[in-house]
Amino acid sequence: MAFAGDGAPWTATSFDIKSNDPGQRAQKAADYAANRVTGADGVGTAVTGGDIVVSLVTAGQALVSARSAAPFLAPGALYLDMNSVAPATKLAAAAAIAAAGGQHVDVAVMAPVHPGRRATLLLLSGPAASAAAATLAALGFSNVKIVGSQTGQASAIKMIRSVMVKGMEALAAECAVAARRAGVLDEVLASLGPGWPADIAYRLERMTSHGGRRAEEMAEVAATLSALGVPPAMASSTQGWQDRLGRMGIAPDLDADTRLAAIDDALGNKRNPA
């Protein structure tokens, strides 16, 4: 809904599985209203009649989402698959969309959509990439780049980049927790350079807030590397760290020291060093 808000020049209907959860339904309704989005009661209601369908779900649901939406697509509708998944997953989704008469577009979202919204960098690939780029430009998306005519090219960039980006998050957690337990956190951070305390604090917040989703993405990264014949040792380890921190249930509004202490405690540290 970040794309739909901020005065977007279209009407949108959205379905989010959270709407089926009584505990989250009211919040989702408020989100819809705030972004001028009509909430739907299912995938079919959300997709039917749309010229453009945007799929933004967790990695494990990306192919399920495509197959669920396909029967309801209007002929020629653009299906913008913005999910963080392996090229093979995008190809399977594209097959389902094409069989239903839609046009699948492999889209890689290359940065957080807040605060950039429609200025966020989007990489496009696939047979309908040019048509999608023109449509997105007309709708106010100002940072769209076509990276190839084959489905999977955009997602390959995103997946391989995540080896580094998400891997750095995992390294930050491993380094910071070890330094805290050894009682040398300040010294280690100082040795890394002046920007590292804030950098590591940011990475730990990302992991505790979004680790579950990131873990699913790293499973797709590992699949991407394996398909290329590259052993996904680092990607698989990163998946484990992301999953572990994402399951901790740590509040999003903690200061850096409190967050690190909470992570350390959740990992089993009983000494609680100052």
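Condition check ((1) among the hydrophobic types (A, V, I, L, M, F, W, C); (2) assigned by TED's automatic domain parsing to the domain that holds residue 226; (3) over 19 Å from residue 97 (Cα atoms)) across all residues:
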{"site": "124", "(1), (2), (3)": "yes, no, no"}
{"site": "128", "(1), (2), (3)": "yes, no, no"}
{"site": "133", "(1), (2), (3)": "yes, no, no"}
{"site": "143", "(1), (2), (3)": "no, no, yes"}
{"site": "159", "(1), (2), (3)": "yes, yes, yes"}
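Helices (runs of 4 or more DSSP H) fully within the stretch 2-108 that include at least 2 residues being at pLDDT below 95 and either touching a Gly at 6+ places or on another chain (Cβ under 6 Å) or not basic (Lys, Arg) (or both): 25-34, 43-47.
Would you confirm whether any residue within the stretch 109-121 is of a type outside the set (Lys, Arg), surrounded by 21 or more Cβ atoms within 10 Å (Cβ to Cβ) and free of Cβ contacts under 8 Å to residues at least 60 places away in the same chain? For the stretch 109-121, residues of a type outside the set (Lys, Arg), surrounded by 21 or more Cβ atoms within 10 Å (Cβ to Cβ) and free of Cβ contacts under 8 Å to residues at least 60 places away in the same chain: absent. For beta carbons closer than 7 Å, sequence separation of 6+ or different chains, a first residue in the stretch 22-41 that is closer than 19 Å to residue 72 by Cβ and a second that is part of a helix (DSSP H, G or I), the qualifying pairs are 38/32; 39/19; 39/28; 39/29; 39/32; 40/46. The set of residues in the stretch 130-146 being surrounded by fewer than 16 Cβ atoms within 10 Å (Cβ to Cβ) and aliphatic (A, V, I, L, M) consists of 131, 134, 137, 138, 139.
Condition check for residue 57 on (1) under 15 Å from the mean Cα position of the chain (by Cα); (2) more than 28 Å from residue 243 (Cα to Cα); (3) not acidic (Asp, Glu): one failure, at (2).
The values are calculated or read from the model by the stated rules, or taken from the named source; none is laboratory data. Only a predicted model underlies this, so the values are computations on that prediction, with no experimental measurement involved. Using ideal geometry, Cβ is built from the backbone for each residue, glycine included, and neighbour counts are taken over all protein chains shown.
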